[in-house]
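Data block below; observations after.
The values are calculated or read from the model by the stated rules, or taken from the named source; none is laboratory data. Everything numeric in this text was worked out from a predicted model, so none of it was measured. No Cβ is skipped: glycine too gets one built from the backbone with ideal geometry, and neighbour counts run over all protein chains shown. Just the protein is used for accessible areas: all its heavy atoms, side chains included, with ligands, DNA and RNA removed. Shrake-Rupley method; radii C 1.70, N 1.55, O 1.52, S 1.80 Å.
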Amino acid sequence: MKTTSLTAALVLAASSTLAQQTGITLGMQLEPPHLDPTGAAAAAIDEVVYANIYEGLTRFGPDGSVLPALAESWEISDDGLSYTFTLRSGVTFHDGAAFTADDVAFSLDRARAEDSTNAQKALFAAIDDVNVIDDTTVEITLLDPDGALLFNLAWGDAIIIDDSDVETIQQNPIGTGPFKFDNWYQGDRIEISAYPDYWGEPAKLTQATFKFISDPTAAFAALMAGDIDAFPVFPAPENLPQFEADPRFSVIVGSTEGETILAMNNQNGPLADVKVREAIAHAIDRQAIIDGAMFGYGTPIGTHFAPHHPAYIDLTDLSEYDPEKSKALLAEAGYPDGFSTTLKLPPPSYARRGGEIVASQLRAVGIETEITNLEWAQWLEEVFRGKDFGLTIVSHTEPMDIGIYARPDYYFQYDDPAVQALVAGLAAVTDPEDRSAILKTVQETIARNYVNAYLFQLAKTGVADARIKGLWENSPTQANDLTAVYWEE
Amino acid sequence: MLRFALKRLVSLAAALVAASLVVFVAIEVIPGDPASYMLGINAQPETVAALRAQLGLDAGPVERYFTWVSGLLQGDLGTSYTYRTPVANIVADRLWVSLPLAIYALTLSTLIAFPVGIIAAARRGGTADLGIMGATQLGIAIPNFWFAMILVTVFAINLRWFSSGGFPGWDQGFLSGMKALTLPAISLALPQASILSRVMRSALIDMLDQDFMRTARAKGLTRGQALRRHALRNALIPVLTILGLQFSFLLAGAIIIENVFYLPGLGRLIFQAIAQRDLIVVESVVMILVFAVIFVTFLVDLAYAAVDPRLRAS
């Protein structure tokens with residue numbers, strides 16, 4: 001009897017060790033073109049490497065706050081023109097090379113070089129020089145004070161690499177993060193595993209695989225069949241209720257940095273008139289778009305700012321759904337019978353499905369739209385670069401990108417010296433309260449000028465095995481940070 | 001036979017040159033700049049210009065055409081704009097999925113179609129024939145992606161015998177590779193087998209009324225035996241034509257099935273490359289497909305000639 005129970009206990013113990021999962025397979029809709037986040041804008045690159053393989057001086061936390069990473073601490077000079085970073089010691093790259101201040105200087109100089117192809121080069125515009133003081137101290141001097149420097153350095157585009165790896169990082173990334181790159185089966189998956197000599201708290205997972213499944217139906221099948229454990233940005237919101245009803249899965253709904261807007265060409269015919277733009281804003285029923293195009297996922301916004309940010313103000317009242325007011329404004333502007341314009345839509349479903357609803361809402365107040373469906377490359381060429389459009393729908397997913405309203409040549413062509421001065425002044429302010437005040441003024445100015453019609457903040461809807469804990473709920477930057485992910489028994 | 005083959009080869013080369021021009025021009029006129037696509041909506045114009053220069057996109061179209069074609073002639077397919085690796089490597093990886101898948105599907109469809117077609121022809125008008133005709137009608141009518149989804153639901157989600165898709169790589173073993181290709185191959189083979197068995201059946205039935213068949217029957221062979229020994233070889237010509245067409249279709253046209261099973265094949269590569277404006281990949285892959293189609297047609301022509309000596313003379 002005693003032996004039997006002992007055997008039973010042993011068997012149980014053995015099977016529970018076997019059941020303990022330490023690896024994870026994540027689904028992603030798009031495959032990264034390569035794995036160098038400093039050389040392309042594709043979100044899929046950061047979704048694999050950010051915080052897992054590569055690290056920067058600072059990093060984003062799950063709530064969007066800026067945390068120390070390779071820099072342990074920093075001191076800012078009184079004039080705001082010099083940042084002295086103390087780097088962590090004992091850090092190594094995955095090939096064994098030691099991380100030093102030289103790597104910081106190399107990486108930042110490379111990113112801001114004249115022939116740099118960094119997609120977010122503007123992040124480094126304020127940097128005058130990067131001085132290596134000693135192996136663990138680096139000083140960044142600025143041309144003008146830049147209150148956003150620590151935030152900017154947290155982007156994936158500001159990661160620190162070793163100068164000897166620069167030729168190969170696109171295919172074989174070598175960073176300082178808790179995971180190292182193992183394999184890339186192109187078109188299928190990327191495999192990473194825990195780096196044993198990581199300087200910080202080691203990852204709880206020993207291994208992770210990113211699998212690329214572009215088709216929403218296939219993504220659904222892969223989760224149902226147990227071939228993947230989680231799909232952090234699940235492409236088909238219509239399937240979420242089914243996962244919610246299934247105890248095997250948990251549905252994780254959070255918010256992203258994606259402001260989804262009905263962008264207007266502020267220099268195009270009737271749209272140049274602020275009354276017309278206001279009329280369009282009042283003709284839009286946001287909730288109907290969220291329900292119809294996004295199956296209820298999304299938060300209405302009234303300006304170009306993320307609702308989860310502390311400086312956010314709710315300005316949805318300025319553009320509440322009021323078709324009668326809309327018609328009156330159109331008449332006032334000299335278009336009592338409405339007018340017609342173009343509505344050019346990029347591929348994502350928020351744009352294609354949302355576009356149909358927007359078109360019918362605009363038709364109700366007399367504005368006819370000619371819908372054209374474009375691919376991304378075509379959209380970039382025609383709408384974004386060529387500015388050949390009246391209306392378009394797009395989600396701006398870069399964090400804190402209200403500064404685009406200070407660029408008169410940006411595709412919606414809003415030229416307002418007041419906003420330009422505010423945004424320029426923002427760079428010089430480091431005090432959070434003061435920054436917040438300026439940000440609020442900018443939010444309000446663009447909302448009152450009806451530069452664009454603000455629709456909703458894109459939700460992050462993910463599906464995961466119910467036993468997986470520690471995945472990011474929100475998406476302050478496009479990443480699948482696996483450092484805190486584990487399986488619950 | 002040799003002269004016949006040489007003549008076919010010359011026209012094959014001419015077709016390739018013409019195709020390279022058409023492909024290049026067609027792809028050049030698609031709007032969309034690869035560099036802006038890669039750098040997204042926050043990039044500054046100088047950055048885009050720097051990347052264009054790095055990718056060699058600032059050269060004129062004529063110069064780029066000749067660089068591309070002379071590369072092709074030396075077996076160099078160029079470097080992908082987005083992946084930044086040689087196109088030849090990317091294509092080779094994808095071919096190692098698409099080619100076995102096409103062969104697997106073609107083998108399955110032939111293995112099904114031949115006996116089914118023969119049985120239907122031998123039992124013309126009978127119950128078996130009617131049943132087969134009905135089933136093949138259904139096989140043609142059902143879209144293969146829909147059939148694929150049914151297979152996934154039954155064998156991956158419910159029974160868990162297969163995974164829902166993806167490809168482990170041949171380095172993980174031949175069997176696991178074949179296992180991953182099984183459901184996709186079945187979904188591709190079903191409509192093909194239906195078409196092929198109908199072609200087989202009608203080609204055999206045409207043979208039944210021929211003089212040599214009557215002679216064969218007069219010698220005492222049963223209808224089935226006469227079919228297998230004498231009619232089959234002659235019925236192969238239309239069957240070969242269809243097989244050749246199907247192979248080209250399977251290689252290039254499996255894109256929907258590759259999406260359903262998220263297989264890293266050639267179809268999906270080209271689809272992705274078009275969206276990303278990775279023009280050099282699109283151009284090179286299309287050329288490879290054109291070459292494959294022309295080459296398969298050439299092989300089919302040679303096979304005709306082997307089956308039917310009269311074709312060699314003309």
Qualifying positions in region B:135-194 - among the β-branched types (Val, Ile, Thr) and away from every other protein chain (no Cβ under 12 Å)
B:Thr136, B:Ile140, B:Ile142, B:Thr182, B:Ile186
Select from region B:258-300 the residues that are open to solvent by less than 10 Å² (accessible area, probe 1.4 Å) and under 12 Å from the mean Cα position of the chain (by Cα) and write down the one among them that is modelled with the highest pLDDT.
B:Gly265
Conditions (1) touching a residue at least 24 places away in the same chain (Cβ under 8 Å); (2) at the interface with chain B (Cβ under 9 Å from one of its Cβ atoms); (3) of a type outside the set (Ser, Thr, Tyr): number failed by A:Asp215
(1)
Quick one: is A:Ala125 within 14 Å of another protein chain (Cβ to nearest Cβ), small (Gly, Ala, Ser), open to solvent by 50 Å² or more (accessible area, probe 1.4 Å) and out of contact with any Pro (no Cβ under 8 Å at 6 or more places or on another chain)?
yes
Residue pairs, Cβ under 6 Å, 6 or more apart or interchain, first in region A:420-431 and in contact (Cβ under 8 Å) with a residue 40 or more places away in the chain, second part of a loop (DSSP other than H, G, I, E, B). List them.
A:Ala427/A:Asp146; A:Ala428/A:Pro145; A:Val429/A:Gly147; A:Thr430/A:Gly80; A:Thr430/A:Gly147
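Please verify whether B:Arg84 is touching a His at 6+ places or on another chain (Cβ under 7 Å) and under 30 Å from A:Pro399 (Cα atoms), treating the condition exactly as stated.
yes
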Could you please find all residues in region A:371-405 being among the hydrophobic types (A, V, I, L, M, F, W, C), farther than 27 Å from A:Gln443 by Cβ and either within 18 Å of the chain's Cα centre (by Cα) or outside any helix (DSSP H, G or I) (or both)?
A:Ile371, A:Leu374, A:Trp376
I need a count of the residues in region A:196-243 that are polar (S, T, N, Q), touching a helix residue (DSSP H, G or I) at 6+ places or on another chain (Cβ under 9 Å) and part of a loop (DSSP other than H, G, I, E, B).
1
Filter pass, B:Ala35 being open to solvent by less than 20 Å² (accessible area, probe 1.4 Å), under 16 Å from B:Val281 (Cα atoms), outside any loop (DSSP other than H, G, I, E, B) and out of contact with any His (no Cβ under 9 Å at 6 or more places or on another chain)
yes
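Residue by residue, here is whether (1) free of Cβ contacts under 8 Å to residues at least 40 places away in the same chain; (2) open to solvent by less than 50 Å² (accessible area, probe 1.4 Å); (3) in contact with a helix residue (DSSP H, G or I) (Cβ under 6 Å, 6 or more places away or on another chain) holds:
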position: B:Val87; (1), (2), (3): no, yes, yes
position: B:Ile112; (1), (2), (3): no, no, yes
position: B:Val116; (1), (2), (3): no, yes, yes
position: B:Gly125; (1), (2), (3): yes, no, no
position: B:Thr136; (1), (2), (3): no, yes, yes
position: B:Ile150; (1), (2), (3): yes, no, no
position: B:Trp161; (1), (2), (3): yes, no, yes
position: B:Trp170; (1), (2), (3): no, no, yes
Just name the residue that is farthest from the other protein chains (Cβ to nearest Cβ) out of those in region B:250-282 that are farther than 28 Å from A:Leu223 by Cα and of a type outside the set (A, V, I, L, M).
B:Asp278
Which numbered condition A:Asp135 misses (of (1) within 30 Å of A:Ser436 (Cα to Cα); (2) open to solvent by 30 Å² or more (accessible area, probe 1.4 Å); (3) of a type outside the set (S, T, N, Q); (4) away from every other protein chain (no Cβ under 14 Å))
(1)
Would you point out which residue out of A:Phe179, A:Phe210, A:Phe243, A:Phe231 is open to solvent by less than 10 Å² (accessible area, probe 1.4 Å), touching a residue at least 60 places away in the same chain (Cβ under 8 Å) and either basic (Lys, Arg) or more than 14 Å from every other protein chain (Cβ to nearest Cβ) (or both)?
A:Phe179
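Take the residues in region A:163-172 that are more than 13 Å from chain B (Cβ to nearest Cβ) and either under 23 Å from A:Thr206 (Cβ atoms) or of a type in the set (D, E, K, R) (or both); name whichever of them is least open to solvent (accessible area, probe 1.4 Å).
A:Asp165
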Any idea which of A:Gly355, A:Gly403 is touching a helix residue (DSSP H, G or I) at 6+ places or on another chain (Cβ under 6 Å) and small (Gly, Ala, Ser)?
A:Gly403
Out of region A:213-228, which residues are open to solvent by less than 20 Å² (accessible area, probe 1.4 Å) and either among the hydroxyl-bearing types (Ser, Thr, Tyr) or closer than 15 Å to A:Ala466 by Cα (or both)?
A:Leu223, A:Ala225, A:Ile228
Output the residues belonging to region B:38-84 that are among the polar types (S, T, N, Q), more than 25 Å from the chain's Cα centre (by Cα) and open to solvent by less than 40 Å² (accessible area, probe 1.4 Å).
B:Asn42, B:Thr47, B:Thr82
